[in-house]
Each structure stands twice: as structure tokens, then as C-alpha cells.
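Each value in this text was obtained by applying a stated rule to the coordinates, not by laboratory testing. Please read these numbers as outputs of a predicted model, since none were measured by experiment. Cβ atoms come from the backbone with ideal geometry, glycine included; neighbour counts cover every protein chain shown.
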Ligand code: DP6
């Protein structure tokens, strides 16, 4: 497939207005995306678990404009309040996707959004937020196409096309967002390791996954809820001319090949080693960029050390991963939840800002609300 497969016809419809709502989850990468080319094409493939509880819920209302003008017309609300500072990101998103969504200038949009996690939690809401918006736009396109007087090809209405294009659009909003449309394991980025993988959108992981990963748990420890000093976009950019970039990109392919074996065998020791190494490599790339930066906080390291000593003492299968921030994602199998949660409460909560953490687990993707 190429991006041309996602270019739509201009619909000719009489639909004046409407409203659609989607709930879309966040996701946690095990093999990380860090470094991108033009048009949000990743430098290396990534693999993530879709989450279940950390979600964005977005309602998109649309009204046909009286007169066509050259601008995009939209308002964004978060938790009922007008959010002017969200505008630039959405403006850029609309500019990037306009050629694939020809109705964007014909309608005025009201975007009402809320998250199930606190906005100031330091959790990246761009994956759930951009995927929810992309899905809403796909639903609008589907409504318009269904009423169009211009013939629309039959396969336009397939679920497969819908999900692929939603992921494709979400990617243009935020790379990792393309992995939030479906669940439970998603791969994004072209690699010989995974059949059908592509740089254009996320695909469902096509191989067997061992029962050990069923309902896999992710407890997110909120170490620092403040604004990050360096955004992901800037961090990705610093991978250009990075001294270790070439090896890192190659390593991601190798780690995916290893993870494929691990996901099939259910070898949790190997799983823990691989995901922790990926997390630390991501942060090592940040520390060795020029300019260099550190997103971990002292409490991030305290937690990592506690996890390592608890794992050694208890023999339980607990590990961590990190996003581009200070928060720690604690990963463990569902049947060890009781012991691990006990450990989190007694030993790790002290390192969380205001004692806050969020219990989540592997999930199955976005859903439309009627
Ligand atoms: C560290 O998807 O937030 O979470 O494409 O610039 O929006 P943009 O970046 P973003 O980068 C996320 C990077 C990561 C790893 C990952 O999710 O794979």
C-alpha cells in the first residue's frame, strides 16, 4: 500500500450537520519509536501493548459552512473549557491530513475531549487524543461517503480500510497514536521481522502470543506530573546526526525479532530483560544527544532499583518500562497482581508525586460511542 490509497474523492452530499464520539486508549511501547523522517515516518519499527483504562473520549460535532473559505474552522474543548493552546497542534494535524480528508474545509468543527486520567498526570495524551480525533474524522468521512452522489468504491466501507486509514491519519497527528486504534499488540514500522508491517500505519501483531501475556498489567507510577523540559518532537529530531542512531535503529529490528520468540514462548525472564533494556536505551539516546537531556528524576531511579531488588528477592516477574518522561510503567502478569500491588503500595508509592499511580492493563482498542 502507499499513501495514495488513502486519498479520498471529494464527496457531494447534503449532510448539514452531525456528531460522532470515540473512546481511544493510550498504549505502551515495549520496543520504542525514537527518531523519525519526514511525514512522521519512523526510523525504526516499534511494538506496543494497547492499554485499557487510560483513554481519551472525543466528540466531534460538524456543521456545514455557509460559505467556503480557505481556513479550517474548529474549536477545541477539554473538560468543557475552551482550550486555545490545543489549537496549533490540531491546525498542523488538519494541514497534514487535508489531502486525505477533502471535507475538512467544508465544515465547522467542535472538538470536545476529556481523558480518563488526570490531564496534569504527565501521561502522554497525544496517543489517545490524536487517535480519538482521527477515528471521529473517519466516522464523519464514512457518513458523508454513504450519502455521496459520487460513487464510492465498495471496499471503502470495510472495517479493515477504516482501521488502517484511522491509524494512518493518527500517525500524522502523533507517531505513537497510530498504535492506539486496535489491540492488543500492535506493530508500526516496516521490518522483515513482521509480515505485513508498514511505516504508514499500525497493524495487529500477526503471530501467536503466549497465555502469560493475557491481561498483562501496567501500573503507571506518576513520578513527575509537570510539563516535560524537552518534547518528544524535539527528542526525535535530535536522533538526526546522533552518534549512536544507526546502531539503535538496527537494534530495534533485532529486539523485535527476539521479542517475537519471547511472545510465543512466554519466557518472562527474557521479556523483562528486553523491555527494560529498551527503556534504558531510549533514555541513553536522550543523554547522548547534542544537546543532551535527562527526563528521568531521582525517584525514577529509586523505583527502578527497588523493582530490581524486589524481583531478586521474590522471584516474581515484575519489570519496568519508561516513556519519554519520568513516570515508570510497572509491568507484570495478572496472576501476580496481588503480591506486586502490595509491593507497589508499601514500597513504591512513596516515590510518586502525591502518592498517585494508575492501574491499567493490556486492552483491545478504540470503541465508538453512539
Ligand atoms: C518514547 O509519538 O509522542 O513514547 O510522533 O512526535 O508525536 P511524535 O512523538 P510521540 O513519541 C513517542 C515516543 C515514545 C516511544 C513510543 O511510544 O514508541
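Report the Stokes-Einstein translational diffusion coefficient (µm² s⁻¹, integer) for the range 199-264, Rh taken as the Kirkwood radius over Cα pairs, at 25 °C with viscosity 0.890 mPa s. Spell out each step's value before the answer.
Details: Rh = 15.7 Å.
Calculated translational D: 156 µm²/s.
Antiparallel versus total DSSP beta bridges in the chain: what percent is that, nearest 5? Before the final figure, lay out the partial values.
Values: 52 of 58 bridges.
Antiparallel bridges: around 90 percent, rounded to the nearest 5.
Once you have a ≥ b ≥ c as the square roots of the Cα gyration tensor eigenvalues for the chain, tell me rounded if a/c is under 1.5, and otherwise prolate or oblate according to whether a/b is larger than b/c. Working shown, then result.
Details: a/c = 1.81, a/b = 1.65, b/c = 1.10.
It comes out prolate by the Cα gyration axes.
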So for the pair residue 7, residue 334, with labels modelled 7 Å out along Cα→Cβ, what separation do we get in nm? 4.6
The range 212-361 - Rg over Rh from alpha carbon coordinates, Kirkwood radius: 0.98
Exposure-ranked with fewest Cβ neighbours within 10 Å first, 65, 89 stand as 65, 89
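For residue 287 and residue 106 in the same chain, what is the full-extension length gain: residue separation times 0.36 nm, less their Cα-Cα distance, in nm?
Values: separation 181, 0.36 × 181 = 65.16 nm, distance 4.57 nm.
So the extension gain works out to 60.6 nm.
For the range 24-123, what is the convex hull (Cα atoms) projected area averaged across all directions, in square nanometres? Intermediate values should be presented prior to the final figure.
Details: hull surface 32.0 nm².
Over all viewing directions, the range 24-123 projects a mean Cα-hull area of 8.0 nm².
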To test your reading of the geometry: what angle, between 0 and 90 degrees and rounded to tens, separates the Cα axis of helix 245-265 from the longest principal axis of the chain? 80
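Ranked highest first by the average count of other Cβ atoms within 10 Å around their residues, in what order do 290-296, 198-204, 314-320 fall?
Values: 290-296: 13.4, 198-204: 21.9, 314-320: 17.4.
The densest-packed peptide leads the list: 198-204, 314-320, 290-296.
Relative contact order for the range 212-361: what percent, with Cα pairs under 8 Å and sequence separation of 6 or more?
Values: 189 pairs, mean separation 67.1, N = 150.
Once normalised by length, the contact order is 45 percent.
Which of 117, 156 has the fewest other C-beta atoms within 10 Å, and how do the rest follow up to the most? All intermediate terms of the calculation are to be shown ahead of the outcome.
On the way: 117 21, 156 16.
Ascending number of Cβ neighbours within 10 Å: 156, 117.
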Compactness of the range 3-192 - radius of gyration and Dmax, Cα, Å: 16.3, 50
Given the Cα-Cα distance of residue 349 and residue 264 and 0.36 nm per residue of separation, how much length would full extension add, in nm? 27.3 nm
Taking r as the C-beta separation of residue 316 and residue 116 and R0 as 41 Å, the FRET efficiency to the nearest 0.05 is 0.90
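Counting other beta carbons within 10 Å of each Cβ, put 289, 24, 158 in order, fewest first.
Working: 289 21, 24 29, 158 11.
By the 10 Å Cβ count, ascending, the order reads 158, 289, 24.
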In a GNM of the chain with a 10 Å cut-off on Cα contacts, which of 344, 15, 57 has the highest mean-square fluctuation? 15
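Quote the FRET efficiency, to the nearest 0.05, computed for residue 158 versus residue 69 with a Förster distance R0 of 35 Å and r equal to the Cβ-Cβ distance.
It comes out at approximately 0.55.
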Any idea what angle helix 87-97 forms with the longest principal axis of the chain, computed on alpha-carbon atoms, 0 to 90 degrees, nearest 10? 70
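Can you give the relative contact order of the chain as a percent, counting alpha carbon pairs under 8 Å and 6+ residues apart?
24
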What is the spin-label model distance, in nm, from residue 250 to residue 79 if the labels are put 7 Å beyond Cα along the C-beta direction? 4.8
Longest principal axis of the chain (C-alpha) makes with the long axis of helix 126-147 (C-alpha) an angle, in degrees to the nearest 10, of 30
